[in-house]
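*Asks:* For reference, the structure I am asking about is given below.
The values are calculated or read from the model by the stated rules, or taken from the named source; none is laboratory data. Keep in mind it's a predicted model, so treat the numbers as computed, not measured. Because the Cβ atoms are built from the backbone with ideal geometry, glycine has one as well, and the counts that use them run over all protein chains shown. Surface accessibility is based on the protein's heavy atoms, side chains included, excluding ligands, DNA and RNA. Shrake-Rupley method; radii C 1.70, N 1.55, O 1.52, S 1.80 Å.
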Amino acid sequence: MRRRFHRLPGLLPGLGLLLALAGCGEANMHDQAKAKSWDANRFFPQGMTMRAPVAGTVPRTDPARFVPRPAVIDAALLDRGRERYGIACTPCHGRSGDGRGMIVARGFPAAPSFADERLRSARSDRLYAAITEGHGAMFPMGAQVAPADRWAIVAYLRVLQLSQGADVASLPAEDRAKLRDSAMRAAR
């Protein structure tokens, strides 16, 4: 009797595999019955498949959605750009846009300075696209930075570019006094 079943342990894994594969037919998820968003559906009280969002649901915008350039650049937009730049851009580009953010100290290559002529002459929509899609070693930030905030950052970048190498004599007297006072405090 023992001789009849001596092959049984070797056949069990093969038999198990055969049974498992027998359950796999040609059915794919795309072939199964399903309801699409706008389909009529008697299952739900409103008679349609699409459901209203749960109260308190926060909508998420499509990060790839292009938002047109703002018609007016005002102080509020620049403040928002400074805030978003500080959060999303300073780790790589530095507070002043010199490309010496904290990641450089941790071994990453330095980002180019926004004062470089190549970036000064870059079109604003290219800067927007670089924030969205990334460029060179820059990671895409489209999922982290909302489309309207990207334009705010681009506006703030232009302010940073104007501030780099600006002639102190061209500043208003009030701003020259602030610079003089801060330089005196730093010298102490």
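*Asks:* Taking the Kirkwood radius as the inverse of the mean 1/r across Cα pairs, report the Rg/Rh of region 102-188.
*Replies:* 1.07
*Asks:* On to the next question. Only helical DSSP H runs with n ≥ 4 go in: add -39500 (n - 2.57) per run for the chain, normalise by residue count and round the 222 nm mean residue ellipticity to 500 deg cm²/dmol.
*Replies:* The helix contribution divided over the chain gives -13000 deg cm²/dmol.
*Asks:* If you roll a 1.4 Å probe over the heavy atoms of the protein chains, what accessible area per residue do you get for the chain, in Å²?
*Replies:* Heavy-atom SASA per residue in the chain reads 77 Å².
*Asks:* Could you work out the longest stretch of the chain that avoids the chymotrypsin sites (Phe, Trp or Tyr not before Pro) located in DSSP loops with at most 13 other Cβ atoms within 10 Å?
*Replies:* Longest stretch, sites excluded: 67-188.
*Asks:* Test of understanding: what is the full-extension gain from Val58 to Phe139, defined as 0.36 nm times their sequence separation minus their Cα-Cα distance?
*Replies:* The Val58-Phe139 span can extend by a further 26.5 nm.
*Asks:* Taking the Cβ-Cβ separation of Leu162 and Met102 as r and a Förster radius of 22 Å, what is the calculated FRET efficiency to the nearest 0.05?
*Replies:* Once the sixth-power term is evaluated, E becomes 0.35.
*Asks:* In Å and on Cα atoms, what radius of gyration and Dmax does the chain show?
*Replies:* 30.2, 108
*Asks:* Largest first, what is the accessible-area ranking of His135, His93 with a 1.4 Å probe?
*Replies:* His135, His93
*Asks:* In nm, to one decimal, how far is the Leu78 label point from the Leu11 one, both placed 7 Å along Cα→Cβ?
*Replies:* Result for the modelled spin labels: 8.6 nm.
*Asks:* Rounded to the nearest percent, how much of the accessible area of the chain (1.4 Å probe, protein heavy atoms only) is carbon and sulfur?
*Replies:* Within the chain, the accessible surface is 60 percent carbon and sulfur.
*Asks:* Then there's this: I want the local charge near Val159. Using Cβ-Cβ distances under 14 Å, sum +1 for each Lys or Arg and -1 for each Asp or Glu among the other residues.
*Replies:* Computed value for this residue: +2.
*Asks:* If you place +1 on the Cβ of every Lys and Arg and -1 on the Cβ of every Asp and Glu, how big does the dipole about the Cα centre of the chain come out, in debye to the nearest 20?
*Replies:* Approximately 960 debye in magnitude.
*Asks:* Could you derive backbone 3J(HN,Hα) for region 71-84 from the dihedral phi with the Karplus parameters 6.51, -1.76 and 1.60 (θ = phi - 60°), listing whole Hz in sequence and x where the residue is Gly or Pro?
*Replies:* In residue order, the calculated couplings are 6, 10, 9, 10, 4, 5, 5, 5, 4, 5, x, 4, 5, 5 Hz.
*Asks:* Between Met48 and residues 5 or more places away or on another chain, which pairs have amide H atoms under 5 Å apart, with H built 1.01 Å from N, and which residues are they?
*Replies:* Amide H neighbours of Met48, under 5 Å, 5+ apart: Asn41.
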